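Down below is the structure, laid out as structure tokens.
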Amino acid sequence: GTIYSISGRTQVGTDRGIDPGAPTGQQGILTIEPGVRIFASGGSDYLIVNRGSQIFAEGTASNPIIFTSRQNIEGTTTLTSQGQWGGLVIAGRAPQANCQLTAPVTCTGQVEGTSAFYGGNTPTDNSGRIRYVQIKFSGFEISTGNELQGLTMGGVGSGTTVEFVQVHNSSDDGIEIFGGNVNLSRIVITGADDDAFDT
């Protein structure tokens with residue numbers, strides 16, 4: 001039942017680079033308990049899990065974790081509210097299309113809407129678990145063709161669990177995936193202003 005706020009680019013760890021055997025940066029692990037609500041106040045407010053870090057956001061069917069806007073917490077959202085905060089971004093070390101997998105590996109791309117890097121040569125990369133989560137009233141256009149979505153995943157590996165997730169009223173895509181090979185199941189996207197699901 002606790003409510004937390006995020007402001008600006010809120011990072012879990014810093015970019016640890018392509019190679020898990022020779023990591024750089026700082027690892028972060030964020031655990032969010034069932035029933036927690038996390039809100040943000042504007043389009044430049046978003047949560048990003050960097051390469052080599054993890055998020056464990058595991059709600060339950062009766063007590064989901066909710067990422068939402070300040071307006072929603074205050075009770076002023078409507079059926080058409082959108083774009084009130086940035087969204088959730090996960091960057092991993094799994095391969096992407098624009099890759100050289102032989103040494104030196106150059107599998108780095110930049111996640112749309114952020115300055116975060118993603119990609120690598122670890123198909124089974126594990127960015128954590130997201131289960132029974134709602135992402136509401138998010139999505140924001142940073143510049144033309146450069147947007148944050150409800151849930152953005154770049155180079156997220158198959159070791160990551162994403163299931164029982166609803167993205168509601170994103171002003172851009174509900175979920176957008178850049179590279180990687182994460183498996184998603186039991187996904188519901190409602191009210192997206194652009195694509196519901198974009199790869």
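At a probe radius of 1.4 angstrom, the accessible area of the chain per residue rounds to 42 square angstrom.
In a reduced charge model with +1 at each Lys and Arg Cβ and -1 at each Asp and Glu Cβ, the chain shows a dipole moment near 580 debye about its Cα centre.
Mind checking which of 59, 20, 7 is farthest towards the positive end of segment 1-103's charge dipole, using Cβ charges of +1 (Lys, Arg) and -1 (Asp, Glu) about the Cα centre? Looking along the dipole axis, the top candidate is 20.
The length gained on full extension between residue 158 and residue 31, counted as 0.36 nm times the residue separation minus their Cα-Cα distance, comes to 43.8 nm. Working from label points 7 Å from Cα in the Cα-to-Cβ sense, the residue 3 to residue 199 distance is 3.8 nm. On the principal axes of its alpha-carbon atoms, segment 1-96 has extents of 47, 28, 23 Å, going from largest to smallest. Where only DSSP H runs of four or more residues are counted, the chain gives -500 deg cm²/dmol as its mean residue ellipticity at 222 nm, each run worth -39500 (n - 2.57). Candidates 43, 192, 171 compared by Cα position along the dipole of the chain: farthest toward the positive end lies 43, with charges placed on Cβ.
For the chain, DSSP calls about 10 percent of its internal beta bridges antiparallel. Computing Rg and Dmax of the Cα atoms in Å directly from the structure and comparing it against (i) 15.9, 58; (ii) 15.7, 53; (iii) 16.9, 50 singles out (ii).
At an R0 of 22 angstrom, the distance between the Cβ atoms of residue 24 and residue 183 translates into a FRET efficiency of 0.20.
The values are calculated or read from the model by the stated rules, or taken from the named source; none is laboratory data. Keep in mind that what you see is a predicted model, and the values were worked out from it rather than measured. No Cβ is skipped: glycine too gets one built from the backbone with ideal geometry, and neighbour counts run over all protein chains shown. Ligands, DNA and RNA are excluded from the accessible area calculation, which covers all protein heavy atoms including side chains. Shrake-Rupley method; radii C 1.70, N 1.55, O 1.52, S 1.80 Å.
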